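Student: One structure is given below, represented as C-alpha cells, and several questions about it will come after.
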Ligand SMILES: [Zn+2]
C-alpha cells in the first residue's frame, strides 16, 4: 500500500492518501469530512482492502482530534465538542466546495460547530487538498462517507447520470437511493458539477445510534458494506470505458 501526503490541515496535521492498487484507481473513498463522523475513517480504511482503490481515511484530522478531546477549536465555542463537525476554524468542510456555494438550505455565515460555508469556496486547506487530487486523477467514482441515516445520495445539478449504477450500489448495501434536495457546496456536489462520473454521499449507521456513532457499531456497518467496493470498482471501470477508454479519466466537463 502506497501512502502520499496530499495536504495539511489548518493546524498542520497530515492528510494522507492510501493507494491499495497499482496507481490507476477508478474509485476514491473519502472518510471523516465531518469531525463527529470519524467512524467513517475506520470504515473506509477497512473497505479499501477489498480491491485496488484510493482512499483518504480522514479529510478533517483537526476536527476528529477536537471530537476526541485531543485538540481545541480556534474559535470561541462553549457547546459539546463531541458534536463538532467543522474544521479547527469552525468551517464545515462539506459546504466549503465550489458548487452552488452558500445556497444550501442549512448554510450559516458564522464560524461554529457546523454549517458555516467559510469566507469563500475552497477557502480551507482540507477542501483544497481533495479538490487538487480529484482534478489530477479525475476518478470515475468518488464516494464521501458520513453518518447517520443509512441512505445513499447521488448526483447534483445537471449530473444525474448513472442512476442505474447508483441504484445497484444502494441495493448492494441495502440503503435507499435519494436525490439530495437543498444540498450545496458538498464534495459530492462539487464532483458531480465538474466531472461526468458517479458521485455519492453515503450516510452509514442507524439514526438512533446518535453522534458520534459508537465505535462498537463498526462491525455491523462493515457487514452491510462488504463487497460494495468490488461493485464500485466494476462501475468505475465501466464509466471510464464509456468516457474515453483510457481507464481512469472521466473527461472533466468544466475543469
Ligand atoms: Zn456528515
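Readers should treat all values here as calculations from the given coordinates under stated rules, not as data from a laboratory. Keep in mind it's a predicted model, so treat the numbers as computed, not measured. Backbone-built Cβ (ideal geometry, glycine too); neighbour counts: all protein chains shown.
Student: Need the full-extension length gain, residue 120 to residue 241, defined as separation in residues times 0.36 nm minus the C-alpha distance. One decimal, nm.
Tutor: Net length gain for the segment: 40.0 nm.
Student: Could you work out how far the C-alpha centroid of the stretch 14-79 sits from that of the stretch 204-245, in angstrom?
Tutor: For the stretch 14-79 versus the stretch 204-245, the Cα centre distance is 14 Å.
Student: Does the stretch 2-243 come out rounded, prolate or oblate, given a ≥ b ≥ c as the square roots of the eigenvalues of its C-alpha gyration tensor, rounded meaning a/c under 1.5 and, failing that, prolate meaning a/b above b/c? Could you put the intermediate results ahead of the total?
Tutor: Details: a/c = 1.43, a/b = 1.33, b/c = 1.08.
Note, shape of the stretch 2-243 comes out rounded.
Student: With both bridge residues required to lie in the chain, what share of the DSSP beta bridges run antiparallel, to the nearest 5%? Working shown, then result.
Tutor: Details: 13 of 30 bridges.
Of all bridge pairs located within the chain, approximately 45 percent are antiparallel.
Student: Can I ask one more? Using a 7 Å offset from the Cα along the Cα-to-Cβ direction at both residue 5 and residue 219, what is the distance between the two label points in nm, to one decimal?
Tutor: Rounded to a tenth, the inter-label distance reads 3.6 nm.
Student: For the chain, what is the relative contact order in percent, using Cα pairs closer than 8 Å and at least 6 residues apart in sequence? It would help to have the intermediate numbers written out before the result.
Tutor: Numbers: 621 pairs, mean separation 55.5, N = 255.
Normalised by residue count, the contact order of the chain is 22 percent.
Student: Please label the shape of the stretch 50-125 as rounded, prolate or oblate, based on the square roots a ≥ b ≥ c of the eigenvalues of the alpha-carbon gyration tensor (a/c under 1.5 means rounded; beyond that, a/b larger than b/c means prolate, else oblate).
Tutor: oblate
Student: Which of the peptides 85-93, 102-110, 3-11, 152-160 is most tightly packed, and how do the rest follow, judged by the mean count of other Cβ atoms within 10 Å per residue?
Tutor: 85-93, 152-160, 3-11, 102-110
Student: When the C-alpha atoms of the stretch 1-88 are aligned to their principal axes, what extent does each axis show, in angstrom, from largest down?
Tutor: Largest first, the stretch 1-88 extends 46, 21, 17 Å along its Cα principal axes.
Student: When the helices in the chain are scored as -39500 (n - 2.57) per DSSP H run of 4 or longer and the sum is shared across all residues, what 222 nm value do you end up with, to the nearest 500 deg cm²/dmol?
Tutor: Only helices count here, giving -8500 deg cm²/dmol.
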